[in-house]
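Structure first, then comments.
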Amino acid sequence: DPSGDPSQQEAKQREAEIRNTILAQVLDQAARARLSNLALVKPDKAKAVENYLIQMARFGQLPGKVSEQGLIEILEKVSQQTEKKTTVKFNRRKVLDSDEEDDY
């Protein structure tokens, strides 16, 4: 079987069920729909948000069910943390002819 050991598959399936159960408890219907849509487009970002939500739930940092608006705020927070910073550096070359000599 090319997909691996059956016991590993069972463990992955159990972990996925546990994740889904926790997410069902902490997210309302609209937030779950938004997260599943995100998972279709950007699975890595959706996984990061799921991990963040599960971690918050385990530590009791979620007061109740997260609404769609709350999920959007969490998405923005995760996006800022994972955002790649792009910097542009200009290397200006000095030319032999300087403008400083033209002050007469």
Check: Ranked highest first by the average count of other Cβ atoms within 10 Å around their residues, in what order do 19-29, 37-47 fall?
Finding: 19-29, 37-47
Next item on the list: Starting at the first residue of region 42-54, write each ³J(HN,Hα) from the Karplus equation 6.51 cos²θ - 1.76 cosθ + 1.60 with θ = phi - 60°, in whole Hz, x for Gly and Pro.
Entry: 10, x, 5, 5, 5, 5, 5, 5, 4, 4, 4, 5, 5
Item checked: Residue list for region 42-63, given a label point 7 angstrom along the Cα-to-Cβ vector of Gln81 and an amide N cut-off under 17 Å -> 43-63
Next item on the list: Rounded to whole Hz and in sequence order, give me ³J(HN,Hα) for region 24-35 from the Karplus expression 6.51 cos²θ - 1.76 cosθ + 1.60, θ = phi - 60°, writing x for Gly and Pro.
Entry: 5, 6, 9, 10, 7, 4, 5, 5, 5, 5, 5, 5
Item checked: Centroid-to-centroid separation of region 5-35 and region 38-85 [C-alpha atoms, Å] -> 14 Å
Notebook entry, point to check: Using modelled backbone amide H atoms (1.01 Å from N, in-plane), which distant-in-sequence or interchain residues come within less than 5 Å of Leu27's amide H?
Noted result: Val66
Notebook entry, point to check: Any idea what the relative contact order of region 11-80 is, in percent, if you count C-alpha pairs under 8 Å spaced at least 6 apart?
Noted result: 41 percent
Note to self: Among Leu35, Ala57, Asn20, whose Cα projects farthest towards the positive end of the dipole of region 11-80, with charges put on the beta-carbon of Lys, Arg (+1) and Asp, Glu (-1)?
What the structure shows: Asn20
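Readers should treat all values here as calculations from the given coordinates under stated rules, not as data from a laboratory. Being a predicted model, the structure only gives us computed values, none of them experimental. Positions of Cβ are generated from backbone atoms using ideal geometry, with glycine treated the same way; all protein chains shown enter the neighbour counts.
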